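One structure is given below, encoded as structure tokens.
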Amino acid sequence: MAYPTSVEELITKPLVKLAKASEAKLHAAGREDVDVRTLGNGRPFVVEIRNPKVRNLDLKLAQDAVNNEAKGLIEVELVHPVSSKLVPKLKAYAEIARKTYVAVVKLSRNVGEGEIESLEKTFNSAIVIQRTPSRILGRKPDKVRKKVVYSVKAKLLNPDTLELTITCQGGLYVKELIHGDCGRTKPNVAEVLGAEVEVKELDVVWIEEPAIVTSFFRAG
């Protein structure tokens, strides 16, 4: 499916114009599916500006340019110029940083408080084994990975609808943790509850800030 724009384009287009550069590339600490919002404290990222004629941008001016052109689709905070050496560190950090998601899920049957307690207990500092999700097998090799789920807190919205607050290690496929992906992720929410589970909404609400970033700050 083609989309009219992207987060990368919304951020880089105004910066290329201000820096009179040939192009720019967005390097983010992890990524999400197109239907997942990043809220809360946001997602750390680096913008690599290539062949700029203006090398020292006014960050407040640049930040306003991005946010004004985005018209509410995204909002960014440009903090500090950094060394290009931060990029691989940021990408590696994304695989281990703690993240918190909030999901609204619909169940194929009603559940009670006892089952919610069992769900929360199961995912208290749990090791989850995941095979590459079936939805991306054509693009990525079939691998097995181990990820940590630190906690799952469940709130009953309706007898068949839950709000799940999931704190986990970066790199975990959260949708698959919820619906199980036909057993390719274990344990999973659907398996524990004994019900089919459909993800209706999914947001990232917190991403652990990498302390390493400040060591790559450079002068204006």
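Considering region 96-207 at the alpha-carbon level, its Rg and Dmax are found to be 13.2, 40 Å.
When a footprinting reagent is the concern and you count Cβ atoms within 10 Å, what order do ARG55, ARG139 take, fewest first?
With the fewest neighbours first, ARG55, ARG139 line up as ARG139, ARG55.
When the chain is treated as a Gaussian network with alpha carbon springs shorter than 10 Å, the biggest mean-square fluctuation among LEU86, LEU202, LEU177 belongs to LEU86. For a 23 Å ceiling on Cα separation, which of these pairs sit above it: LYS85/LYS147; LYS91/LYS153; LYS20/LYS89; LYS106/LYS186? Those over the limit are LYS85/LYS147; LYS91/LYS153; LYS20/LYS89. At a Förster distance of 41 Å, what's the computed FRET efficiency of GLU48 paired with THR165, Cβ-Cβ distance as r, to 0.05? Given R0 = 41 Å and the Cβ-Cβ separation, E is 0.75.
Sorting 126-133, 189-196 by their mean Cβ neighbour count within 10 Å, with the most densely packed peptide first, gives 189-196, 126-133. Take each peptide in 67-73, 15-21, count the other Cβ atoms within 10 Å of every residue, and average; sorted highest first, the result is 15-21, 67-73. The GNM of the chain, with springs linking C-alpha atoms under 10 angstrom apart, assigns the highest mean-square fluctuation among HIS179, HIS80, HIS27 to HIS80.
If eta is 1.567 mPa s and T is 4 °C, what Stokes-Einstein diffusion coefficient results for region 143-211, Kirkwood Rh from Cα pairs, in µm²/s? Walk me through the intermediate numbers first.
Details: Rh = 13.1 Å.
Using the Kirkwood radius from Cα pairs, D works out to 99 µm²/s.
Compactness of region 126-181 was expressed as the Cα radius of gyration divided by 2.2 N^0.38 Å, which yields 1.28. Geometric descriptor of the chain, per residue, is 139 Å³ (volume of the convex hull of the Cα atoms). Once C-alpha pairs closer than 8 Å and six or more residues apart are averaged by separation and normalised to the residue number of the chain, the relative contact order reads 26 percent. Angle between the Cα long axis of helix 113-122 and the longest principal axis of the chain, 0 to 90 degrees, nearest 10? So the helix axis and the longest Cα principal axis differ by about 60 degrees. Result for the chain in a Gaussian network model with C-alpha springs under 10 Å: among VAL79, VAL111, VAL152, the largest mean-square fluctuation is at VAL79.
Laboratory data are not the source of any read-out in this text; all were calculated from the coordinates shown. Since we're looking at a predicted model, the values are computed, not measured. Don't worry about glycine lacking a Cβ; one is built from the backbone with ideal geometry, like all the others, and counts go over all protein chains shown.
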